[in-house]
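Colleague: I have a structure here, written as structure tokens, and I will follow up with some questions on it.
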Amino acid sequence: MKVKCGTSRLVAALHFYQLAIPAPKPPDGTFNKDAAERGKEIFNGKGKCAGCHVPPLYAEPGNNLHAPSEVGVDSFQADRSPTHMYRTAPLAGLWSHATANKLMFT
């Protein structure tokens with residue numbers, strides 16, 4: 001496949017634009033604030049989640065692909081991807097997916 005001149009700049013600009021869109025904030029009263037605070041403590045502390053899911057996107061900067069051995073799990077899901085690796089998924093706005101699914105399936 002031949003890439004036209006300027007296509008990589010367009011892709012880079014689109015990527016920058018996507019990363020610049022702020023994640024939506026959950027509306028008041030839609031979550032338990034005490035439970036969220038306990039989850040935040042685990043996320044930033046004992047769970048070590050914040051080491052890879054870095055604010056403000058809660059995704060891993062740079063190369064976010066990892067071999068199964070790095071993550072400490074088997075390769076079942078990774079082997080389904082072209083890279084045979086796991087991706088650190090962005091978590092910003094994750095609550096909105098759960099809310100949308102709840103609204104669609106209830």
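Laboratory data are not the source of any read-out in this text; all were calculated from the coordinates shown. Everything numeric here is computed off the predicted structure, so don't read it as measured data. A quick note on method: Cβ atoms are made from the backbone with ideal geometry, for glycine too, and the neighbour counts reach across all protein chains shown.
Colleague: Determine the pairs where a residue that is outside any loop (DSSP other than H, G, I, E, B), located within the range 13-27, has a partner that is surrounded by 10 or more Cβ atoms within 10 Å (Cβ to Cβ) with Cβ atoms under 8 Å apart, the partner being 6 or more residues away or on another chain.
Modeller: Close Cβ pairs satisfying both conditions: L19/L57.
Colleague: Any chance you could count how many residues in the range 53-94 are among the basic types (K, R) and either in a loop (DSSP other than H, G, I, E, B) or surrounded by 10 or more Cβ atoms within 10 Å (Cβ to Cβ) (or both)?
Modeller: Selection size over the range 53-94: 1.
Colleague: Can you say whether K40 is assigned to a helix (DSSP H, G or I) and of a type in the set (K, R), as far as the supplied structure shows?
Modeller: yes
Colleague: Out of the residues in the range 5-20 that are surrounded by 10 or more Cβ atoms within 10 Å (Cβ to Cβ) and of a type in the set (A, V, I, L, M), which is nearest to A59 (Cα to Cα)?
Modeller: L19
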